[in-house]
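Following: one structure in structure tokens, then a few remarks.
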Amino acid sequence: MSVSIQSYHVSGFPSDFNTENYCVVLLKGSGVFSVDQINYSYENFTVLFLSPYQKLKLVSDTDDEIFILSFHGDYYCIEYHKEEVACNGLLFNNIYLNPSIQLSEANYSYILGILEHIRHELSEKHLFSESIIKTYIQLILAICSKEKSGNPDDLPSGSRIPNKNASEFQKLLELHFKEEKELSFYSGKLNITNNTLSKAVKKEFNKTPSQLINERITLESKKLLHLTYRSVKEIASDLGFNDEFYFSRYFKKSVGCSPKKYREKVGISIVAKISM
């Protein structure tokens, strides 16, 4: 289904939740969730954003209800609406930010109300239901974008990093991730040891440099598969892999499926271009 709403109690939540869709997850209470094996704590009212083929695990101190809105990229294209909801790289697809936002109780309740309206439209299957549902999704993402952009702690890390080494690593990674995949290249550029760089990056991003290098390559791979018509061989070459089959193994190890299957399941975006 292109759009769905699921609800679980924490005790019944799948042990390893994975989806082919974009997901907006509403949590309340307190606990720890992990996205692609990176742990984050949460409390009170929280909204979490998942992109296709991200893995979610959840451990909570309470047995509260969880609500998940999922939508396929063919149904509601994040890239197509990015100017309207201002969420591209803010809510989804940013390896440097916490993938969740703490909500006010009022906004949590308001979004729950919107989910009920979506449920109603899904059951109605009216001529205009699809347009109405897309508008509701856009409203949820706009509310969350506003909430996140208004919180200094949630701003893109380049605008707030106090640690110079972590900041410089991020800039270098964005420039060189296609060609340089070894930690020693980045520590060498910064004239510091691997250990010093690892400690700085881990403290700032809750991830090691190697994890960020891998995530940046994987994120770009997903973008090229979804947003262009380039072949897997061309994408592999663009990302610095001389061997298409090695790239496919690398991608499958990170994502859980081959590049070909990912493209089949996620689809090619309506904004896809031959080159980016």
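Taking segment 13-30 as the range and being part of a strand (DSSP E or B) and buried (at least 18 other Cβ atoms within 10 Å of the Cβ) as the test, the residues that pass are F17, Y22, C23, V24, V25, L26, L27, K28.
Annotation note: of S30, S4, S11, the sole residue that is closer than 29 Å to E130 by Cβ and either within 18 Å of the chain's Cα centre (by Cα) or of a type in the set (G, A, S) (or both) is S4. Would you say F17 is closer than 26 Å to N206 by Cβ, within 15 Å of the chain's Cα centre (by Cα) and aromatic (F, W, Y)? So F17 fits the description; yes. A single entry from K273, K253, K260 fulfils the requirement of being loosely packed, with under 15 Cβ neighbours inside 10 Å and either β-branched (V, I, T) or touching a residue at least 40 places away in the same chain (Cβ under 8 Å) (or both): K273. Scanning segment 107-131 for residues that are at pLDDT below 95 and either outside the structural domain of Y80 (by TED's automatic domain parsing) or aliphatic (A, V, I, L, M) (or both) yields L122, L127. Quickly run through segment 32-53 and pick out the residues that are touching a helix residue (DSSP H, G or I) at 6+ places or on another chain (Cβ under 9 Å) and either on the phi > 0 side of the Ramachandran plot or not small (G, A, S) (or both). Answer for segment 32-53, where residues must be touching a helix residue (DSSP H, G or I) at 6+ places or on another chain (Cβ under 9 Å) and either on the phi > 0 side of the Ramachandran plot or not small (G, A, S) (or both): D36, Q37, I38, N44, F45, T46, V47, F49, P52, Y53. For segment 227-244, the criterion of being surrounded by 16 or more Cβ atoms within 10 Å (Cβ to Cβ), more than 22 Å from S184 (Cβ to Cβ) and either within 20 Å of the chain's Cα centre (by Cα) or at pLDDT below 95 (or both) is met by at least one residue.
To keep it simple, each residue is scored yes or no on (1) surrounded by fewer than 19 Cβ atoms within 10 Å (Cβ to Cβ); (2) closer than 23 Å to E220 by Cα.
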{"site": "V85", "(1), (2)": "no, yes"}
{"site": "I101", "(1), (2)": "no, no"}
{"site": "K134", "(1), (2)": "yes, no"}
{"site": "C144", "(1), (2)": "no, no"}
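Apart from one condition, D36 fits all of (1) of a type in the set (D, E, K, R); (2) farther than 21 Å from V255 by Cα; (3) in contact (Cβ under 8 Å) with a residue 12 or more places away in the chain; the exception is (2).
Which residues, taken from segment 96-126, are hydrophobic (A, V, I, L, M, F, W, C) and over 16 Å from C23 (Cα atoms)?
Of the residues in segment 96-126, the ones hydrophobic (A, V, I, L, M, F, W, C) are 97, 101, 103, 106, 111-112, 114-115, 118, 122.
Across segment 96-126, the qualifying residues are L97, L103, A106, L122.
Cβ-Cβ contacts under 9 Å between residues 6 or more apart (or on different chains), taken from a first residue in segment 12-24 that is at pLDDT 90 or above to a second residue that is acidic (D, E), are listed as G12/D63. Taking the conditions (1) farther than 24 Å from L227 by Cβ; (2) part of a loop (DSSP other than H, G, I, E, B) in turn, V47 satisfies each one other than (2).
The values are calculated or read from the model by the stated rules, or taken from the named source; none is laboratory data. Keep in mind the model is a prediction, meaning the values are calculated, not measured. Virtual Cβ from ideal backbone geometry, glycine too; neighbours counted across all protein chains shown.
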